[in-house]
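Every read-out reported here was derived from the displayed coordinates using simple, explicitly stated rules and does not represent laboratory data. Quantities reported herein were computed from a predicted structural model and do not represent experimental measurements. So basically every Cβ, Gly included, is an ideal-geometry build from the backbone, and we count neighbours across all protein chains shown.
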Amino acid sequence: SAVISQKPSRDICQRGTSLTIQCQVDSQVTMMFWYRQQPGQSLTLIATANQGSEATYESGFVIDKFPISRPNLTFSTLTVSNMSPEDSSIYLCSVEGRASNIQYFGAGTRLSVL
Amino acid sequence: GIQVEQSPPDLILQEGANSTLRCNFSDSVNNLQWFHQNPWGQLINLFYIPSGTKQNGRLSATTVATERYSLLYISSSQTTDSGVYFCAVGGKAGNTPLVFGKGTRLSVIA
């Protein structure tokens, strides 16, 4: 299994500002995944973060808006830049367990942009 | 990419009733998980079930990989079962992200 700690758990931000979300895993993992869940919607993959290389972004998500860092095998950050109310969502990080294909999720960061 | 369809989108049950949630997917998968999202947004992993049948208390799940569908059974439902149930699948290779269905929103009424 994998235990994932995500910070902050929630935040209220002003438009035009940026927020960095941290994701810490209790074991070394190759890839970390970042998802967004807009209000009342399902989860959508933002990007895949592989240690030592640039993150791979899904269609509709760009690095300037959602820069990701992956400095080591247990940690990643996602920044939501130049926020607007449309960025109000839950942001979740996820990893795959070392001994299985099971994916584990952090508790999420609930972001509200005013 | 893989498409995931869940049905029904919404379900209202009387406490004590049974229900079946369905998940259809469009391609072969090496990962299929069922999640319950609680009111605080936490995704709780119910089952990892790319094939076969599993049971955990009042919940059970069956995946027929050859026919590309999975079923989640909830028996003797309780109000605490309310929330959104997601089916998510992963592609053929390991370490691939999950593709989520739109979910089934379940409301259990006392």
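Tabulated data
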| item | result |
| --- | --- |
| Within 10 Å of each Cβ in A:42-53, the average number of Cβ atoms from other chains | 3 |
| Approximate spin-label separation A:Val3-B:Ser7, in nm, with each point projected 7 Å along Cα-to-Cβ | 4.2 nm |
| Chain B: projected area of the alpha-carbon convex hull, averaged over directions, in nm² | 6.4 nm² |
| Computed label-point distance, nm, for sites B:Gln14 and B:Glu67 using a 7 Å Cα→Cβ extension | 3.0 nm |
| Span from the segment A:1-40 Cα centroid across to the segment B:34-85 one, whole angstrom | 24 Å |
| Count of Lys pairs (Cα-Cα under 29 Å; at least 8 positions apart or interchain) in the protein assembly as shown | 6 |
| For B:Ser26, residues with placed amide H under 5 Å, excluding near neighbours | B:Gln3 |
| Integer Hz, Karplus 6.51/-1.76/1.60 couplings in order for segment A:53-58, x for Gly and Pro | 9, 5, 5, 9, 9, 7 |
| Net charge contributed by nearby residues that have their C-beta within less than 15 Å of B:Cys23 (K/R +1, D/E -1) | +2 |
| From the C-alpha gyration tensor of the protein assembly as shown, square roots of 5λ in Å | 30, 21, 15 |
| From phi via Karplus (6.51, -1.76, 1.60), per-residue ³J(HN,Hα) for segment B:41-58 in Hz, x at Gly/Pro | x, 5, 8, 9, 6, 8, 8, 10, 8, x, 6, x, 10, 9, 9, 9, x, 7 |
| Label-point separation in nm, B:Arg22 to A:Cys13, each point 7 Å along Cα→Cβ | 4.1 nm |
| Hz values of 3J(HN,Hα) by residue in segment B:12-27 - Karplus curve (6.51, -1.76, 1.60), Gly and Pro given as x | 10, 10, 7, 3, x, 7, 9, 8, 10, 10, 10, 9, 10, 9, 9, 8 |
| Residue among A:Asn82, A:Asn101, A:Asn72 with the largest mean-square fluctuation in a Gaussian network model of chain A, springs linking Cα atoms under 10 Å | A:Asn101 |
| Cα convex hull of chain A, projected area averaged across orientations, nm² | 6.6 nm² |
